[in-house]
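What follows is a short report on a single structure.
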Amino acid sequence: MTNTFTFGRLAAALGLLGALATPLAAQAEGKISIAQQFGIGYLVLHVVKDQQLIEKHAKAQGLDKVEVEWRTISGATAMNEALLAGAIDVVSAGVPPMLTVWDRTHGRQNVKAVASLGSLPNYLLSNREEVKTLQDLSEKDRIAVPAAGVGFQSRTLQIETAKLYGKDDFQRFDQISVSLPHPDATAALTKGGSEITAHFSSPPFQYQALENPKVHKLISSYDILGGQATFNVLYATEKFHDENPKTYKAFYDALVEAEQIIKADTAAAAETYIRVENSKLPLDFVKKIIDDPENDFTVSPQRTFIYAEQLHELGVLKNKAASWKDYFFEEAYAHPGS
């Protein structure tokens, strides 16, 4: 009698747990928080947000409702901290910061990239006439970057510095780098009179700055990487990816559609950017940036593996990737990558 009673209660308890498990699992789906930074490099996300594409594709995945939270954070360091703290599901930053957190969480949270946000060049600019090349920068200069030493711009500069001065001196320019959001850095560079004499900028800010006759370009990230290359990527933890397959798929499909929307109508995409960012930039100016052959708003990663190889050689990354697929989730494999 005792055994029958015990097993009976156990079976009932397990049945109750099974009944509860299904709705709890369903409740885990349908929520996503996304963080982005400033600039037209996030146009794909602007279109996703404006057109409510996540909500659209969530329905295709059988989710009646999806809760989407959008945040704006400046700098890769803050992005990575928010992701690892569980405060944000998906964050965005340059390829190097993504690789850094992929490396550090390898075998633990297993952070990987979701998709590219596009290939756009970043220009290192100066407002000092006597500074013509990277080698002309000195202690007299201060280089503004969003995340000094660790962000996309700093890591790209470190790769070029290693070529010029050797691997042991790849952090040479970190000593004169200052963390500053792109809008503030652009204002400081163009107005002059501050300690900021250089800015490793990004679109649209670099194009705005170059309208000032005192500002000129020293080098482009494309020069350093050997051609068109991914600027920003989206990335998330393995936990979010695995536990929210429908929400994740809806998000990824939304990104793919956003790319198609941008390429189908660049004028409408320019209007979207101005509307979502509440930008004061002229429509023609923004459309010109989107139409520039240098800029490709694609979810397919380009030349990201150069960062993986170079930063591993410099000792920044401990883990060596065999290919770009090592640090991207498998949904991205449906598109070409490098």
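Here are a few things to note about the model shown:
- Estimated FRET transfer efficiency when R0 is 35 angstrom, pair Trp70-Lys163 (beta carbons, to 0.05): 0.35
- Our summary gives segment 121-223 a relative contact order of 47 percent, counting only alpha carbon pairs under 8 angstrom and 6 or more residues apart.
- Extension gain (nm, one decimal) between Ser323 and Asn110, 0.36 nm per residue minus Cα-Cα: 75.1 nm
- Accessible-area composition of the chain, carbon plus sulfur, in percent [1.4 Å probe]: 51
- Under the Debye formula (equal points on every Cα, no solvent term), log10 I(q)/I(0) of segment 121-223 at q = 0.15, 0.19 Å⁻¹: -0.51, -0.84
- Solvent exposure of the chain, expressed per residue, is 45 Å² of accessible area, with all protein chains present and a 1.4 angstrom probe.
- Lys288-Val178 FRET efficiency (beta carbon distance; Förster radius 30 Å; 0.05 resolution): 0.50
- Applying a DSSP loop filter and a limit of 15 other Cβ atoms within 10 Å to the GluC sites (Glu not before Pro) in segment 88-182 leaves Glu129, Glu130, Glu139.
- Residue-span extension gain [Lys31 to Lys140] - 0.36 nm each, minus C-alpha spacing: 34.4 nm
- Counted by Cβ distance under 14 Å from Glu129, the other residues give a net charge of +2, where Lys and Arg count +1 and Asp and Glu count -1.
- Relative contact order (%) - the chain, alpha-carbon pairs under 8 angstrom, separation at least six: 27
- Of the residues Asp136, Asp103, Asp50, the one that moves most in a GNM of the chain with alpha-carbon contacts below 10 Å is Asp136.
- Dipole magnitude for the chain: about 500 debye, using +1 per Lys or Arg Cβ and -1 per Asp or Glu Cβ, origin at the Cα centre.
- Most mobile of Leu99, Leu164, Leu43 in a GNM of the chain (Cα contacts under 10 Å): Leu164
- Summing +1 for each Lys or Arg and -1 for each Asp or Glu among the other residues whose beta-carbon sits under 11 angstrom from that of Glu55 gives +2.
- Area accessible to solvent at Glu271, 1.4 Å probe radius, in Å²: 90
- Think of the chain as a dipole: +1 on every Lys or Arg Cβ, -1 on every Asp or Glu Cβ, centred on the Cα centre; then among Ala60, His241, Thr161, His241 lies furthest on the positive end.
- Between 0 and 90°, nearest 10: helix 182-191 axis offset from the chain longest Cα axis: 10
- Once the Cα-Cα distance is subtracted from the 0.36 nm per residue extended length, the Lys280 to Ala60 segment shows a gain of 75.6 nm.
- Net charge, Phe38 excluded, C-beta distance under 12 Å - Lys, Arg +1, Asp, Glu -1: -2
The values are calculated or read from the model by the stated rules, or taken from the named source; none is laboratory data. For clarity, every value in this text was computed on a predicted model and none was experimentally measured. With ideal geometry, Cβ positions are generated from the backbone for all residues, glycine too; neighbour counts draw on all protein chains shown. With ligands, DNA and RNA removed, areas are computed over all heavy atoms of the protein, side chains included. Shrake-Rupley method; radii C 1.70, N 1.55, O 1.52, S 1.80 Å.
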